[in-house]
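For reference, the structure is listed below as structure tokens.
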Amino acid sequence: MEPYQWTIHEARRRLDNKDISSVELTRSVLARVKAVDGAVKAFNLVTDDRALADAADADRAIARGETGVLTGIPIALKDNMDTAGIETTCSSRILAGYKPPFDGTVPARLKAGGAVLVGKTNLDEFAMGSSTENSATGATRNPWNLERAPGGSSGGSAAAVAADMCLGSLGSDTGGSIRQPAALCGVVGLKPTYGRVSRYGLVAFASSLDQIGPFTKDVRDSALLLEAISGADPLDSTCSTRPVDDYAAALERGVKGLTIGVPREYFIKGTDPSVEKAVQASIRVLEGQGATLREISLPHTAYAVACYYLVATAEASSNLGRYDGVRYGLREEAGDLLEMYMATREAGFGTEVKRRIMLGTYALSAGYYDAYYRKAQQVRTLILRDFTKAFDAGVDLVVTPTSPTGAFRIGEKADDPLQMYLSDIFTISANLAGLPGISVPCGFDDNGCPVGLQLIGRAWDESTLLAAARAHEAQTSFHTRRPDL
């Protein structure tokens with residue numbers, strides 16, 4: 001096995017035992033990027049020199065005995081997280097060449113922990129999409145089948161882990177943008193509870209929904225990476241001050257004695273039969289480990305997609321108003337200020353971003369605010385109450401498919417926004433309710449592409465979520481399989 005194929009915890013052991021240096025490990029990863037990213041196109045930017053400098057610093061820290069969980073570990077970041085002096089574009093023409101003067105909180109925590117930044121990964125522009133096709137830099141391809149999409153919007157981060165171009169990566173999840181690409185690429189993807197991880201320095205899409213989380217090769221790595229990035233942050237008023245659990249210590253608790261809810265609304269017509277077969281088999285794996293299954297109802301699930309695409313687009317319309325050509329990013333010169341605004345935004349934003357800005361602006365406009373945005377927020381409360389009712393009735397976790405299909409062909413849904421939006425039908429509710437969710441590999445569809453099992457937990461109970469995911473992983477081998485590139 002090559003070093004680039006290791007998990008984070010395996011690399012940690014080998015680095016601490018002096019079996020390999022961080023520089024050697026990083027060179028292995030960078031060579032892998034050079035070998036396969038021309039086909040996959042997971043990265044917007046590879047930071048070769050910075051990575052090797054970080055690795056050399058990590059080796060010196062290890063020699064001094066100053067070792068943390070991530071010291072010397074090659075990690076990739078979604079290109080919507082601010083990194084000081086390193087281009088951060090959100091895969092948009094409007095931010096081409098933009099180099100933030102500061103690190104966001106999560107990149108800063110990785111740097112302080114000795115992690116090695118190998119590059120910034122591709123995404124749907126401003127995280128708006130489910131396929132990583134809506135990118136000014138071009139589409140990322142699924143490592144399992146280069147004719148298919150990796151999911152989105154964090155498709156670059158998911159593909160980079162699946163193709164062994166980093167040992168772990170970070171993405172952001174607004175309506176499923178970590179869990180859905182994790183499922184389609186056959187890796188583990190975790191969306192924490194809203195407020196568990198700071199959003200300071202994450203370029204905003206929908207501020208009440210966005211959350212940063214990890215992509216990893218197994219569940220233990222997710223626990224380690226989540227703990228490293230979690231915790232209070234005075235720079236983010238929505239970030240919780242609750243203590244961070246020792247997630248790795250909880251991994252072997254298993255699921256014996258847990259009650260897992262199986263919501264009837266998530267097993268519906270339109271789900272690929274091979275996906276449902278894999279998910280049902282994995283639910284039985286959890287039952288075989290001692291969990292009790294209980295059919296439940298989450299009745300307002302039917303309204304989740306409509307609710308999300310009002311709340312998210314309204315917040316996006318507000319957040320993206322700052323890109324006007326005045327202070328940073330693209331600027332198209334024109335006759336007067338208004339014309340400059342219009343020319344800059346016309347040239348800088350892609351089709352999907354413009355669509356969502358228009359939808360959101362309409363929903364917030366005079367005469368429509370109460371009918372659309374306010375109503376959507378009320379429905380959002382009902383969706384949260386559905387989960388609360390299930391948890392209060394003794395359910396510990398909810399289990400669902402992550403995505404209704406496996407990876408679809410690039411271009412297959414590009415001209416049908418509604419079908420693309422429905423790709424996130426099973427993930428959106430967790431964001432609206434602010435709950436943690438995880439996707440773990442659970443099989444393959446009839447096209448030979450990965451299938452994901454989603455677990456949704458109580459707010460702030462990532463420990464139980466990770467323990468259940470680990471219990472499934474311990475009885476299956478899907479997470480150990482890698483695409484043949």
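Read the figures in this text as sums done on the coordinates, not as results from a lab. Note that this is a predicted model, so its numbers are computed, not measured. So basically every Cβ, Gly included, is an ideal-geometry build from the backbone, and we count neighbours across all protein chains shown.
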Two-site FRET efficiency, R385 against L235, from Cβ-Cβ distance with R₀ of 35 Å, rounded to 0.05: 0.65
Mean projection area, nm², convex hull over Cα of region 3-256: 13.0 nm²
For region 3-256: relative contact order, % (alpha-carbon pairs under 8 angstrom, 6 or more apart): 18 percent
Ranked list, fewest to most other Cβ atoms within 10 Å of each Cβ, for I383, I20: I20, I383
Net +/- balance of residues flanking L123 in space, Cβ distance below 13 Å, scoring K and R +1, D and E -1: -4
Span-rule helices in the chain, defined as complete DSSP H runs reaching 24 Å or more along the axis (Cα) with Kyte mean at least -0.5: 22-40, 375-392
Antiparallel bridges, percent of DSSP beta bridges restricted to the chain (to nearest 5): 65 percent
Region 3-256: antiparallel DSSP beta bridges as a percent of all, rounded to 5: 65 percent
19 Å cut-off, amide nitrogen to a point 7 angstrom out along A366 Cα→Cβ, residues in region 318-335: 318
Selection of trypsin sites (Lys or Arg not before Pro), region 346-444, meeting DSSP coil and at most 14 other Cβ within 10 Å: none
Rounded to the nearest 20 debye, dipole of the chain from Cβ charges on Lys, Arg, Asp, Glu: 540 debye
Prolate/oblate/rounded call for region 350-438, Cα gyration tensor, a/c under 1.5 rounded: oblate
Charge sum, other residues only, whose C-beta stays under 13 Å from V451's C-beta, Lys/Arg counted +1 and Asp/Glu -1: -1
Relative contact order (%) - the chain, alpha-carbon pairs under 8 angstrom, separation at least six: 18 percent
For region 167-249, diffusion coefficient by Stokes-Einstein and Kirkwood Rh (Cα), 4 °C, 1.567 mPa s, µm²/s: 100 µm²/s
Within the chain, helix-based [θ] at 222 nm, where runs of 4 or more DSSP H residues each add -39,500 (n - 2.57), nearest 500: -11500 deg cm²/dmol
Over region 32-136: Kirkwood hydrodynamic radius from C-alpha pairwise inverse distances, Å: 14.4 Å
Gained length - T292 relative to K34, 0.36 nm times residue gap less alpha-carbon distance: 88.2 nm
Order of D210, D16 - criterion: other Cβ atoms within 10 Å of each residue's Cβ, fewest first: D16, D210
J(HN,Hα) series, region 420-434, from Karplus relation 6.51 cos²θ - 1.76 cosθ + 1.60, nearest Hz, glycine and proline x: 5, 4, 6, 4, 9, 4, 8, 9, 4, 4, 5, 5, 4, 8, x
Modelled FRET efficiency - R0 35 Å, D416 with A334, Cβ distances, 0.05 increments: 0.55
GluC sites (Glu not before Pro) restricted to region 1-74 and DSSP loop, no more than 14 other C-beta within 10 Å: E66
Neighbour-limited loop hits for trypsin sites (Lys or Arg not before Pro), region 210-270 (at most 14 other Cβ within 10 Å; DSSP other than H, G, I, E, B): K256, K269
